[in-house]
Every structure is written in C-alpha cells, then in structure tokens.
1. Using a/c under 1.5 as the rounded threshold, could you call the chain rounded, prolate or oblate? The axes a ≥ b ≥ c are square roots of the C-alpha gyration tensor eigenvalues, and prolate needs a/b larger than b/c, oblate otherwise.
2. Quote the FRET efficiency, to the nearest 0.05, computed for E463 versus Q182 with a Förster distance R0 of 45 Å and r equal to the Cβ-Cβ distance.
3. Whole angstrom only: what separates the Cα centroid of the stretch 16-39 from the Cα centroid of the stretch 244-276?
4. Grab the DSSP H runs of the chain that are 4 residues or longer, score each as -39,500 (n - 2.57), total them, divide by all residues and round the 222 nm result to the nearest 500 deg cm²/dmol.
5. Please arrange F3, F43 by accessible surface area, largest first, computed with a 1.4 Å probe and ligands excluded.
6. Once label points are set 7 Å from the Cα along Cα→Cβ at both Y365 and K433, what is their separation, rounded to one decimal in nm?
7. Assigning unit charges at the beta carbon (Lys, Arg +1; Asp, Glu -1) and nothing else, what dipole magnitude in debye, to the nearest 20, does the stretch 401-469 show about its Cα centre?
8. Please list, or write none, the aspartates and glutamates whose alpha carbon is within less than 12 Å of the alpha carbon of K156, excluding same-chain residues fewer than 8 places away.
Amino acid sequence: MKFPHDFLFGAASASYQIEGAWNEDGKGLTNWDVFSKIPGKTFEGTNGDVAIDHYHRYKEDIQFMAEMGLESYRFSISWARILPTGEGAVNEQGLEFYNDVINECLKYGIVPFVTLYHWDLPLVLEEDGGWTNKRTAEAFAQYAEICFRAFGDRVKHWITFNETVMFCGLGYLKGAHPPGIQNDENKYFQATHYVFYAHAKAVEIYKALNHYGEIGITHVFLPAYSVDDTDENLIAARHANEYETFWYYDPILKGEYPPYVVRQLQEKGWTPSWTEEELETLKRNAGKNDFIGLNYYQPIRVAKNHEAVLSMEHSRETSTLTPGNPSFDGFYRTVKMEDKTYTRWGWEISPQGFLDGLHMLKDRYGDIKMYVTENGLGDEDPIIDGEVVDVPRIKYIEQHLQVIKRAIEEGIHLKGYYAWSVIDLLSWLNGYKKQYGFIYVDHNNNLNRKKKLSFHWYKHIIETRGEGL
Ligand code: BG6
C-alpha cells in the first residue's frame, strides 16, 4: 500500500530553535532570550541568538526542502517579531519575514503548516505573569487574529500551541524552562487553563473569518502503560493518562476537563481560578477544532510510587523525558524497563506504543483527524569520510512510518507526518549536541548545510509514497 494521495509528508522546526536574529528588524525580547542567558540553564550556555541563522538563510533552507521533495513544512512564528511587546503595535518587518518564508515555500509547492506558539513568549507578557495571567491569553487571541489576517490567504493549516504540557510543566513544576518556577501546582494548572482558553478564543476568531482552512492544537503524546498487570500499577497508569493526556485533550476535544482530575484538584486546592465565561468558551468551541497534532517520541511506563517526592528539580543531563522520575504529585513514577530499547538520551523507542496509543485516543475521542506533527530521533550523528551517516534515524523514522501506515489501515484518521526536525537545530536544553535533522549544520564552518543520508532516504520515501515500507 502507498500512503493516501492527500497524506502530507513533511518535516518541522520552531522559530527560536532556528532563526537567530534575536534583536533584528524590530523583534521584541522573549522569555527565552533572557532565560537562556542565565548561567547553568542550558547545555554549555547555548542560546538562540544566532541559532542556525535561518532568518538570513531561509531561502537556502527551503531550497533544500524542495530538493528533498518535502510536501509540507511545519514552522512557528515568533510572536515578538510580529508584536514586539506582545500586544499593541504591529512590526511590519516581522510580517515581511514570514510573508517571505511562506511565499518561498509556495514557490516550490510546499504547504506551510504554521504554529503560532512554540514557546517563545514576548518578555513583557512573561514579566507580567506569563501564562498565569489572563492578559497573556487575551493578547494571544489578538496576535492570532493578526496572523490569520496577514497570512491566511496562503496558510491553510494552523496550530495554535505546541505541547502545553511541556512548557507549563517545565516552566512551573520543574523550573527547567522559563519562567523557571519549581513545584508550583497552582500556577501550573492555572497556566494550562489559560492556554486552553486562548486556544478556544483563537479557534473562534479563525472560524468567524470564514477562511478556507483548518485549525487545531499540537500536544505531546505520552501514552502511559503499566509496567505489569498488578492493580496498583494499572491504577498508576490510568492516573498518568488522566493527568498527562486527558487533562490536555479533553478541554480541546470535549470542551470540559476530565472529572477524575477535576475532583482531585479540588481536594488538593489546585483548581485554577476559572470563570463561567472561560468554561463556556471551551465548551462552545470544542466542536470547531479541526484536528489534533501529535508529537510522539515515546510512551511512558509507569508504576505506583512509594517514595516521598521532595522536589521536582529537573536534571538537564538526563533530558526532559528520561524515565526514572516520580510524577509531580508523587502518585506514580516512570520506569526504565530491561526489555525495552532506548536512545542515547534514554528515551524509549516504541512504535508499538504509538499504535496502541492511537487506538486509546480513538476509543476516547472518536474519529478525530490527526497529524503527527513531530517524531524523530535525537542522536549524535557519526561523520564517516565526510558523510553524515545517520542510519539509526532512518531506522527510527522507518519503524514509525510503518506503524502509521498500519494505523491508517486500521481506521485511524491520520493525514500527515512531520519529522522532527527538517534540519539540525538548537535543542532547548541540549544545545547542538542532540541532532534531529535531515540536513546537517556545521557549527565549525560558517553554519554550512549538508545533506545527511536520511535526506536521500526520506526523499525516496516521499517519491514512492512509502510503498516499500
Ligand atoms: C519537542 C519540542 O518537545 O521535542 C521541540 O516540540 C523539541 O521543540 C523536541 O526540540 C526535542 O526535544 P529535545 O529536548 O530532545 O531537544
């Protein structure tokens, strides 16, 4: 079987991780411009000031994408380029840059798939409480509308937010991302609520514009599985799915929060302050959401936790999703299992976990349209005789595309696949050491680009529509 003709083969990036030009052409400061410069926060003090200089080299990069035969490119807009202080006056040069990127994609027939928020928040808003302040949600709605109006004639696929669980969890529980706060459950749940509210408002605005196009949200997809069949571990896995998945997917797809979590938040005093109007906005717009984007890297294996949780301090060395940690509420812990395979950074490789998880989503939410908006292997690629021989990445993507094909055959409504990442880029906490791209960037030689082995492989997959997989 070939992949259906309307299935999009793509690859992805995010503004802060590629653009650089952090203070050029009227761009405002963001939370990451400041946070990345606090000593000890990122690997060897790396930051996105220059990143891979995509801001100045986007033409070259998009030409590579075209040569690879990429059908669609997922990238994000940096809010602070469009609105330097998060709200108010528009920076025309910011609009111009994204117009250029979009037009360059279209020149080659590459479908732009745009994320409005991939973690770089205008600093002015961060300093006023960031996502714990409703002002940020209202400002996001304005920003979204400006983008819909400016680019909506050519951009037909919109993602509001990338991975709420990550930027809120790392920002307010683990302190590893801005604003660097630890163990503040109230702020964490409040922030997630305002993100869902901002999403619903943006969807409502988009639908009112009557554009021909679609809008959704991207979540990390971390299906939880019990390490065995004991009751306590099965309960632990359910708990993990309620908090890591349903809390995020329910408000978008059902327009209300999962009762299991709501009840527990009430008991613990962690319920966000929410108004009737906000809850009503979630409800009213749930049915208007066109798709869900899934960023899938790995499942989590969980067991009941019997130890006290002292602090959620995050270890950068073990990376953001490495198993072996208690959950924020101490109820379960993630487990590294003997019989599983892991990447160099300790992330489990489990295509089967994805397939099973897709069925779990279908059981709960019905026949929703989905895109895989990220999936890929973070590795240190070997260079042999001048060639970047990223064979493990090819293997990883191949195995995941195989299960995606199977999932489609089994009736899962998947319409596209975006490898993370199109080109080697800045990992938030792991600098340039952890590579994901089809295109190598030489940091010792003018940021020169070079095709990896996977580049040629993916080109072939796209050309043959995955027939041989
Ligand atoms: C996803 C993010 O969570 O994971 C990306 O959306 C990120 O922005 C990717 O780069 C890989 O994460 P890491 O920590 O391996 O660089």
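The values are calculated or read from the model by the stated rules, or taken from the named source; none is laboratory data. Just so we're clear, the structure is a prediction, and the values are computed from it rather than from any experiment. FYI the Cβ positions are ideal-geometry reconstructions off the backbone, even for glycines, and counts take in every protein chain you see. Accessible surface is based on the protein model in full, side chains and every heavy atom, while ligands, DNA and RNA are left aside. Shrake-Rupley method; radii C 1.70, N 1.55, O 1.52, S 1.80 Å.
1. Details: a/c = 1.29, a/b = 1.10, b/c = 1.17.
In terms of gyration-tensor shape, rounded.
2. Details: r = 48 Å, r/R0 = 1.07.
So, using R0 = 45 Å, E works out to roughly 0.40.
3. What the calculation gives is 33 Å, centre to centre.
4. It comes out at -12000 deg cm²/dmol, rounded to the nearest 500.
5. Descending order: F43, F3.
6. Taking the two extended label points, one gets 3.5 nm.
7. 180
8. List returned: E214, D290.
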